[in-house]
Amino acid sequence: MSVLLNGEKSYVDEKKEDEQSTLSIDKKRQGNNKNEFNKNVDQIAQVSNIVINSKQEEKILHSLEQSYYSILNTIPGEDVTRQGILKTPSRAAKAMFYFTKGYRDNLNELINDALFNVDHDEMVIVKDIEFFSLCEHHLVPFYGKVHVGYLPNRQVVGLSKIARIIEMYSRRLQVQERMTKQIAEAVTTAINPTGVGVVIEGTHMCMVMRGVQKTGSKTTTSTMIGVFREDPRTREEFLSLIRH
Ligand SMILES: [Zn+2]
């Protein structure tokens with residue numbers, strides 16, 4: 001993971017031209033007290049934020065274990081009683097529980113206490129953040145790198161929190177396009193920046209392993225919000241900064 005703080009002021013002019021939308025964001029922000037912030041965050045997190053106690057966890061793991069046993073027992077040529085895979089159902093259950101831990105994350109808890117007020121309104125870029133996810137169509141991994149850029153509106157978020165947001169959405173059954181959008185929306189909700197850009201480069205094992213796609217080829221998806229969408233120069237600046 002590397003971080004770029006871009007010192008160029010090239011988009012200041014555009015921001016003046018775009019005063020109206022900046023003003024409306026300012027107005028919104030004036031009423032943006034802690035409760036309102038929490039409410040916004042909850043709305044995004046509501047599909048996740050699943051709270052599971054240790055008893056429920058035990059039940060879920062047991063059920064997953066039985067399912068994996070059944071899968072192994074169904075595969076022609078496999079023998080569930082052989083030494084090497086005796087404990088596989090239990091191990092696979094724990095692994096799957098971990099791979100889907102993002103459903104149990106809470107954006108609100110994750111972001112809280114990591115927001116900082118700043119004077120500068122220069123682009124913040126966090127690039128090359130590794131992610132590992134599971135394709136929801138085949139339950140096979142896809143993985144790669146996420147690049148996030150945003151133009152702060154007097155607030156920035158701790159850099160490690162960007163990585164945590166990415167974990168929250170990648171540790172689920174996913175499709176790359178939706179994950180890209182969810183990360184951009186979560187950053188928007190958390191710090192209400194002037195704009196956000198998210199680019200994800202992913203390698204999909206379901207494609208590579210089945211020989212549909214050549215090894216090494218990548219899928220790139222992007223979501224642009226605010227000035228990153230409206231202003232081609234801001235977008236271009238972001239894209240050129242993540243390219244090297
Ligand atoms: Zn797939």
* Structure fact -> Residues of the stretch 135-176 with backbone N under 17 Å of the label point set 7 Å from the Cα of Ile60 along Cα→Cβ are 167-174
* To do: Determine, for Thr220, Thr188, the number of other Cβ atoms within 10 Å of each Cβ, and report the residues in order from fewest to most.
  => Thr220, Thr188
* To do: For the stretch 144-225, run through the trypsin sites (Lys or Arg not before Pro) and keep only the ones in DSSP coil with at most 15 other Cβ atoms within 10 Å of their Cβ.
  => Arg210, Lys214, Lys218
* Cα centroids of the stretch 189-238 and the stretch 157-187: how far apart, whole angstrom? -> 12
* R0 = 30 Å: FRET efficiency of Ile52 with Arg91, Cβ-based, nearest 0.05? -> 0.95
* To do: Using the structure shown, list the pairs from Lys94/Lys145; Lys127/Lys181; Lys145/Lys218; Lys59/Lys87; Lys94/Lys181; Lys94/Lys161 with a Cα-Cα distance above 22 Å, or answer none.
  => Lys94/Lys145; Lys94/Lys181; Lys94/Lys161
* Asked: Mind checking the dipole of the stretch 56-128: about its Cα centre, +1 per Lys or Arg Cβ, -1 per Asp or Glu Cβ, Debye to the nearest 20?
  -> 680
* Rank the residues Asp121, Asp113 as a footprinting-exposure proxy: fewest other Cβ atoms within 10 Å of their Cβ go first. => Asp113, Asp121
* How much length is gained on full extension from Tyr143 to Arg233, taking 0.36 nm per residue of separation minus their Cα-Cα distance? -> 29.5 nm
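The numbers here are math on the coordinates, done by the rules we state, and not lab data. What you see is a predicted model, and the numbers here were worked out from it, not measured in a lab. Backbone-built Cβ (ideal geometry, glycine too); neighbour counts: all protein chains shown.
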